[in-house]
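Everything below concerns the one structure shown next.
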Amino acid sequence: MVKPEDFPVVTILGKDLYEAIDIKHRLKGYDRIAYEIFTLHETLKYGESADEADGERIYRQIWQVPGWPTLPSSTSAGRDFLDISRQRPRLTKDDIAVRVWDMRNAPCQNIYDPHKETRDVEQELILRHINQYNRAPVGNKIEQKRLDKGALNPVRFRPTVIGDIADKLFY
């Protein structure tokens, strides 16, 4: 399994961006990433993406934070991040930063599951957070629900049946 330490990291401060879409310009060409959206005081969310280029998922999420000169549409994706903004009413774009683990050059371990490496890093980051703080970040609700239910493994697991079978047969 890959670890976060295996990859180069880029950090982008919200206060250095004029518009939320500017993060897409900074992450041009990044198509396989794990990421953390955080403040000086806490990690808000860990995530991953292996099918959306240029930090599209991050852009949609940070655009929900107040302080940008334009507002996202009420139907835009990334609205799940609104819950974080509601729980942190004083949070503005100048308070957030994004850390990105660049996994573009990592060989794909499972051709049937291009998210395997990005998901492994995301899950490792969430587990480390849980081990340190006894809770998942506020934006990782699925993991927190599993913790609250007493799940042994609070991190979501997405099996790829075809890939797992193929791995056992051919490797």
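Which of the residues belonging to segment 18-35 are among the aliphatic types (A, V, I, L, M) and either surrounded by 22 or more Cβ atoms within 10 Å (Cβ to Cβ) or over 19 Å from GLY78 (Cα atoms) (or both)? Before you say what the answer is, go through the steps one by one.
Filtering segment 18-35 down to residues among the aliphatic types (A, V, I, L, M) leaves 20-21, 23, 27, 33-34.
Of everything in segment 18-35, those that are among the aliphatic types (A, V, I, L, M) and either surrounded by 22 or more Cβ atoms within 10 Å (Cβ to Cβ) or over 19 Å from GLY78 (Cα atoms) (or both) turn out to be ALA20, ILE23, LEU27, ILE33, ALA34.
In segment 78-101, of all residues being more than 16 Å from GLU48 (Cα to Cα) and of a type in the set (Asp, Glu), the one that is farthest from the chain's Cα centre (by Cα) corresponds to ASP94.
Scanning segment 78-102 for residues that are buried (at least 19 other Cβ atoms within 10 Å of the Cβ) and of a type in the set (Asp, Glu) gives a single hit, ASP95.
Consider segment 36-58 and keep the residues that are acidic (Asp, Glu) and modelled with pLDDT under 95. The one that is surrounded by the fewest Cβ atoms within 10 Å (Cβ to Cβ) is ASP51. In segment 110-139, the qualifying residues are those that are in a helix (DSSP H, G or I) and among the charged types (D, E, K, R), and the one that is surrounded by the fewest Cβ atoms within 10 Å (Cβ to Cβ) is ARG128. Within segment 29-74, being in contact with a Pro (Cβ under 9 Å, 6 or more places away or on another chain) and within 16 Å of VAL100 (Cβ to Cβ) holds for ARG32, ALA34, GLU36, ILE37, PHE38, THR43, LEU44, LYS45, TYR46, ALA50, ASP51, ARG60. Against the conditions (1) buried (at least 17 other Cβ atoms within 10 Å of the Cβ); (2) part of a helix (DSSP H, G or I); (3) not aromatic (Phe, Trp, Tyr), PRO72 satisfies every one except (2). Would you check if there is a residue in segment 47-68 being over 23 Å from THR118 (Cβ atoms), in contact with a helix residue (DSSP H, G or I) (Cβ under 6 Å, 6 or more places away or on another chain) and among the small types (Gly, Ala, Ser)? Scanning segment 47-68, I find at least one residue that is over 23 Å from THR118 (Cβ atoms), in contact with a helix residue (DSSP H, G or I) (Cβ under 6 Å, 6 or more places away or on another chain) and among the small types (Gly, Ala, Ser), so the answer is yes. The number of residues in segment 2-14 that are exposed (fewer than 12 other Cβ atoms within 10 Å of the Cβ) and assigned to a helix (DSSP H, G or I) comes to 1.
Residue by residue through segment 1-18, note down the ones that are touching a strand residue (DSSP E or B) at 6+ places or on another chain (Cβ under 8 Å) and hydrophobic (A, V, I, L, M, F, W, C). Break it down into steps so the answer makes sense when it comes.
Filtering segment 1-18 down to residues touching a strand residue (DSSP E or B) at 6+ places or on another chain (Cβ under 8 Å) leaves 4, 7-14.
Answer for segment 1-18, where residues must be touching a strand residue (DSSP E or B) at 6+ places or on another chain (Cβ under 8 Å) and hydrophobic (A, V, I, L, M, F, W, C): PHE7, VAL9, VAL10, ILE12, LEU13.
When you scan segment 82-96, do you find a residue that is closer than 22 Å to GLN144 by Cα, charged (D, E, K, R), assigned to a helix (DSSP H, G or I) and in contact with a Ser or Thr (Cβ under 7 Å, 6 or more places away or on another chain), even just one? For segment 82-96, residues closer than 22 Å to GLN144 by Cα, charged (D, E, K, R), assigned to a helix (DSSP H, G or I) and in contact with a Ser or Thr (Cβ under 7 Å, 6 or more places away or on another chain): absent.
The values are calculated or read from the model by the stated rules, or taken from the named source; none is laboratory data. Bear in mind that the values here come from a model prediction, so they are computed numbers and not experimental data. For neighbour counting, all protein chains shown are included, and Cβ atoms are generated from backbone atoms with ideal geometry for every residue, glycine included.
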